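The values are calculated or read from the model by the stated rules, or taken from the named source; none is laboratory data. None of the values given here were measured: they were computed from a predicted structure. For neighbour counting, all protein chains shown are included, and Cβ atoms are generated from backbone atoms with ideal geometry for every residue, glycine included.
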């Protein structure tokens with residue numbers, strides 16, 4: 001490709017709308033353009049990056065015998081209603097009616113549709129396992145699209161689905177995908193971690209998230225300083241403290257006028273937050289109420305709570321809602337004497353506490369020296385706390401640290417959630433009729449491109465890993481209107497093309513500064529520089545974008561040496577088998 005023909009409208013300044021590095025640089029490098037909030041057009045350079053990532057994904061999917069299909073974006077409401085997700089997805093799902101008033105959605109994911117696809121075809125255990133995948137545009141009506149390609153309303157995704165006859169088959173499919181994802185992200189040149197993750201609206205009980213480490217990430221990752229434990233903060237757990245050895249004291253009712261918050265109670269009673277148990281009232285379902293007990297210095301992890309309640313449709317009791325429950329005194333609710341109409345859930349950490357403070361279920365009043373088993377009973381224990389840096393690792397004696405990350409992929413063991421709901425069954429070897437045991441596996445293709453920039457950039461622009469770069473080599477001819485430089489640049493360009501190198505020739509009649517700036521901004525991995533000095537010395541200068549290292553090759557060896565360097569850079573990204 002000649003730069004003079006390339007549609008790559010670069011910008012000197014970042015548009016005001018761009019918040020994170022990847023968004024700024026994708027716009028400035030002429031790779032994307034905004035159509036609407038969270039909706040972008042890929043220009044030639046940006047689309048080449050997407051196609052490179054897709055090619056890596058396809059190669060690794062094929063390696064584990066996954067077969068590519070393409071399903072429609074438009075999905076009928078009926079199949080989603082059967083699994084219950086038509087209502088669960090809420091306003092995030094883009095819905096519409098056709099001229100016949102039939103309801104449809106633009107697919108945010110395809111578990112329902114793919115199950116409906118195969119259920120009439122896969123009837124015997126002999127046809128299992130089967131894994132199929134697609135690379136396709138998805139839609140989610142984000143309430144606040146932001147960060148460019150990282151949180152859009154329209155995005156490119158690879159989604160795969162496995163259909164298995166047994167738990168053992170599912171585990172094999174899941175492990176195969178884990179290995180494929182590991183190779184994909186290594187080949188894309190990303191620094192990532194596979195961590196435990198919440199299953200959310202996709203479902204299932206086992207999930208791992210592939211997260212690119214970057215400070216701009218929206219995910220918080222907790223990891224151990226001594227072992228391999230790592231988890232998203234939505235599911236992270238911690239080792240319980242040793243049980244308190246304090247002698248049990250008798251409870252005492254204390255007047256606390258106007259004192260409601262943990263900070264106020266702590267100051268008024270001169271006790272730390274670790275000696276207070278707060279009672280948070282959640283409303284879920286039609287009129288169901290849950291009281292969640294948690295240590296005073298902790299926050300409830302609502303992902304964990306959603307799993308426990310079996311719904312994401314819940315919220316803290318607020319405002320006028322308190323008037324519907326006169327037996328619950330806002331700011332002073334506690335577990336002692338709490339009405340049986342309230343579902344009581346206690347975080348597991350409460351079980352090792354002694355002589356703590358709680359609300360007295362009476363205005364302006366708390367109780368001190370309260371103990372589980374002595375003053376109230378707990379039948380439902382659960383881990384519902386939000387774990388944070390400094391907590392103890394659940395797997396060893398280490399301490400948890402935290403970092404930020406960008407989710408680029410997630411794999412799920414779905415079990416029979418969708419197959420049971422849709423009546424998708426097969427006949428086992430011994431003649432039984434059973435639902436498929438399924439897995440679901442997603443990669444955000446466009447988000448992977450943005451994540452790469454978040455990890456690979458400097459003050460001058462993007463530094464693409466060579467495996468996903470729009471072109472591998474940029475030939476910068478400083479004065480293309482001078483015959484000798486033009487002929488030398490053309491010669492190297494044609495030689496590299498014959499070697500199969502993806503090369504772009506900057507043949508524009510522009511200043512050297514403009515050419516260098518654009519090449520750095522766009523992030524071509526290798527820059528070949530042809531100028532007056534080249535003509536004089538007979539040596540071609542090559543700059544490695546990532547390191548700034550410069551090398552010189554004799555003109556008669558330049559094409560071979562540059563091609564070899566390209567191969568070496570690709571080899572450095574190949575994962576070990």
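Residues that are without any contact (Cβ under 8 Å) to a residue 24 or more places away in the chain, under 24 Å from the mean Cα position of the chain (by Cα) and loosely packed, with under 13 Cβ neighbours inside 10 Å are absent from the range 101-121. Would it be correct to say that residue 173 is farther than 21 Å from residue 415 by Cβ and either in contact with a strand residue (DSSP E or B) (Cβ under 9 Å, 6 or more places away or on another chain) or not assigned by TED's automatic domain parsing to the domain that holds residue 22 (or both)? No: the conditions fail for residue 173.
With respect to (1) under 13 Å from residue 540 (Cβ atoms); (2) touching a strand residue (DSSP E or B) at 6+ places or on another chain (Cβ under 9 Å), the lone exception for residue 516 is condition (1).
Using the structure shown, decide if residue 234 is surrounded by fewer than 19 Cβ atoms within 10 Å (Cβ to Cβ) and touching a residue at least 12 places away in the same chain (Cβ under 8 Å). No.
Counting residues in the range 455-465 that are surrounded by 24 or more Cβ atoms within 10 Å (Cβ to Cβ) and in contact with a helix residue (DSSP H, G or I) (Cβ under 6 Å, 6 or more places away or on another chain) gives one or more. When the range 70-83 is examined, which residues are found to be surrounded by 13 or more Cβ atoms within 10 Å (Cβ to Cβ) and either assigned to a helix (DSSP H, G or I) or in contact (Cβ under 8 Å) with a residue 60 or more places away in the chain (or both)? Answer for the range 70-83, where residues must be surrounded by 13 or more Cβ atoms within 10 Å (Cβ to Cβ) and either assigned to a helix (DSSP H, G or I) or in contact (Cβ under 8 Å) with a residue 60 or more places away in the chain (or both): 71, 73, 77, 78, 79, 80, 81, 82, 83.
Condition check ((1) assigned to a strand (DSSP E or B); (2) over 21 Å from residue 373 (Cα atoms); (3) in contact with a helix residue (DSSP H, G or I) (Cβ under 8 Å, 6 or more places away or on another chain)) across all residues:
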{"position": "220", "(1), (2), (3)": "yes, yes, no"}
{"position": "228", "(1), (2), (3)": "no, yes, no"}
{"position": "281", "(1), (2), (3)": "yes, yes, no"}
{"position": "297", "(1), (2), (3)": "no, yes, yes"}
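Kindly check whether there is at least one residue in the range 122-131 that is in contact with a helix residue (DSSP H, G or I) (Cβ under 6 Å, 6 or more places away or on another chain), in a helix (DSSP H, G or I), within 20 Å of residue 416 (Cα to Cα) and in contact (Cβ under 8 Å) with a residue 40 or more places away in the chain. For the range 122-131, residues in contact with a helix residue (DSSP H, G or I) (Cβ under 6 Å, 6 or more places away or on another chain), in a helix (DSSP H, G or I), within 20 Å of residue 416 (Cα to Cα) and in contact (Cβ under 8 Å) with a residue 40 or more places away in the chain: absent. For the range 517-528, check the following and say yes or no: at least one residue is within 30 Å of residue 156 (Cβ to Cβ), in contact (Cβ under 8 Å) with a residue 40 or more places away in the chain and in a strand (DSSP E or B). Scanning the range 517-528 turns up at least one residue that is within 30 Å of residue 156 (Cβ to Cβ), in contact (Cβ under 8 Å) with a residue 40 or more places away in the chain and in a strand (DSSP E or B).
Checking each residue in the range 256-278 for being in contact with a strand residue (DSSP E or B) (Cβ under 8 Å, 6 or more places away or on another chain) and under 26 Å from residue 222 (Cα atoms) picks out 262, 273, 274, 275, 276, 277, 278. Within the range 493-512, the residues that satisfy the criterion of being in contact (Cβ under 8 Å) with a residue 12 or more places away in the chain, under 15 Å from residue 471 (Cα atoms) and touching a strand residue (DSSP E or B) at 6+ places or on another chain (Cβ under 8 Å) are 493, 496, 501, 502, 503, 504, 505, 506.
For the range 426-454, taking the residues that are more than 20 Å from residue 156 (Cα to Cα) and out of contact with any helix residue (DSSP H, G or I) (no Cβ under 8 Å at 6 or more places or on another chain), the one that is surrounded by the most Cβ atoms within 10 Å (Cβ to Cβ) is identified as 434. A single entry from 48, 95 fulfils the requirement of being part of a strand (DSSP E or B) and assigned by TED's automatic domain parsing to the domain that holds residue 151: 95. Does residue 540 fit the bill of being within 16 Å of residue 484 (Cα to Cα), in a strand (DSSP E or B) and either modelled with pLDDT of 95 or more or not assigned by TED's automatic domain parsing to the domain that holds residue 492 (or both)? Answer is no for this residue. The combined condition, being outside any helix (DSSP H, G or I) and in contact with a helix residue (DSSP H, G or I) (Cβ under 6 Å, 6 or more places away or on another chain), is fulfilled by residue 259. Suppose the filter is in contact (Cβ under 8 Å) with a residue 40 or more places away in the chain, out of contact with any helix residue (DSSP H, G or I) (no Cβ under 7 Å at 6 or more places or on another chain) and surrounded by fewer than 21 Cβ atoms within 10 Å (Cβ to Cβ); does residue 206 pass it? For residue 206, the condition - in contact (Cβ under 8 Å) with a residue 40 or more places away in the chain, out of contact with any helix residue (DSSP H, G or I) (no Cβ under 7 Å at 6 or more places or on another chain) and surrounded by fewer than 21 Cβ atoms within 10 Å (Cβ to Cβ) - is met.
Of the candidates 408, 387, the single residue that is closer than 25 Å to residue 356 by Cα, in contact (Cβ under 8 Å) with a residue 12 or more places away in the chain and within 22 Å of the chain's Cα centre (by Cα) is 387. Candidates 49, 20: the one that is in contact with a helix residue (DSSP H, G or I) (Cβ under 6 Å, 6 or more places away or on another chain) and surrounded by 20 or more Cβ atoms within 10 Å (Cβ to Cβ) is 49. Of all the criteria given as (1) farther than 30 Å from residue 407 by Cα; (2) touching a helix residue (DSSP H, G or I) at 6+ places or on another chain (Cβ under 6 Å); (3) surrounded by 17 or more Cβ atoms within 10 Å (Cβ to Cβ), the one not satisfied by residue 333 is (2). Of the residues making up the range 452-502, those that are part of a strand (DSSP E or B) and closer than 19 Å to residue 25 by Cβ are 457, 458, 461, 462, 474. When 408, 372 are checked against the criterion of being modelled with pLDDT of 95 or more and either assigned by TED's automatic domain parsing to the domain that holds residue 281 or out of contact with any helix residue (DSSP H, G or I) (no Cβ under 7 Å at 6 or more places or on another chain) (or both), 372 stands alone in meeting it. Out of curiosity, is residue 420 free of Cβ contacts under 8 Å to residues at least 40 places away in the same chain and in a helix (DSSP H, G or I)? Yes, satisfied.
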